[in-house]
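The values are calculated or read from the model by the stated rules, or taken from the named source; none is laboratory data. The structure presented is a predicted model; accordingly, all values stated were derived computationally and were not measured. Every residue, glycine among them, receives a Cβ derived from its backbone with ideal geometry; neighbour counts consider all protein chains shown.
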């Protein structure tokens, strides 16, 4: 009986320590860093974080813990936005137009990708879209392509995952192959009509 009480007490202590880390950091923290900080293995940390996640699912909490590509972050629940902007000095709210969403989708599914490759897909100049997405921190530079001029390659950021409620890029919705084939057929028919004219 005493061992169970000690285990419960130890678990409470671990929960408190991990909660303090996530609250204080204010950004996503890798499991390995948390494990090192509390002196436990990553599996134990993962269990502790999952326990915290379950606790914060309760509607009586305004906070939640989200997973971002193998890291965890404590943040406010989306439903708290209206309350928070009343006290925040400069709320960060930006508008994602259809053009920005189109560009962001291309980057999300094709990353790493250069601006020229984005423009090839879209068929129009994408300077403004790419710059806005960089400004909103939804995309970031992920390296340079090994071609003449060494153009920047872009990918989605941690902020992208956070804003779209994704744990990792694996959570992106996948298009149905039948729909893709249908789009391809329509595009080919459209091109044939243009060539016939």
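Checking each residue in the stretch 169-190 for being without any contact (Cβ under 8 Å) to a residue 24 or more places away in the chain and either in contact with a strand residue (DSSP E or B) (Cβ under 9 Å, 6 or more places away or on another chain) or farther than 20 Å from residue 106 by Cβ (or both) picks out 178, 185, 188, 189.
For the stretch 139-153, indicate whether the set of residues that are at pLDDT below 90 and under 22 Å from residue 75 (Cα atoms) is non-empty. Scanning the stretch 139-153, I find no residue that is at pLDDT below 90 and under 22 Å from residue 75 (Cα atoms), so the answer is no. None of 65, 106 is at pLDDT 90 or above, surrounded by 13 or more Cβ atoms within 10 Å (Cβ to Cβ) and outside the structural domain of residue 22 (by TED's automatic domain parsing) except 106. Does residue 76 fit the bill of being within 25 Å of residue 171 (Cα to Cα), surrounded by 14 or more Cβ atoms within 10 Å (Cβ to Cβ) and without any contact (Cβ under 8 Å) to a residue 40 or more places away in the chain? In short, no.
Those helices (runs of 4 or more DSSP H) of the stretch 70-185 in which at least 1 residues are within 17 Å of the chain's Cα centre (by Cα), considering only elements entirely within it, cover 98-110, 127-135, 158-163.
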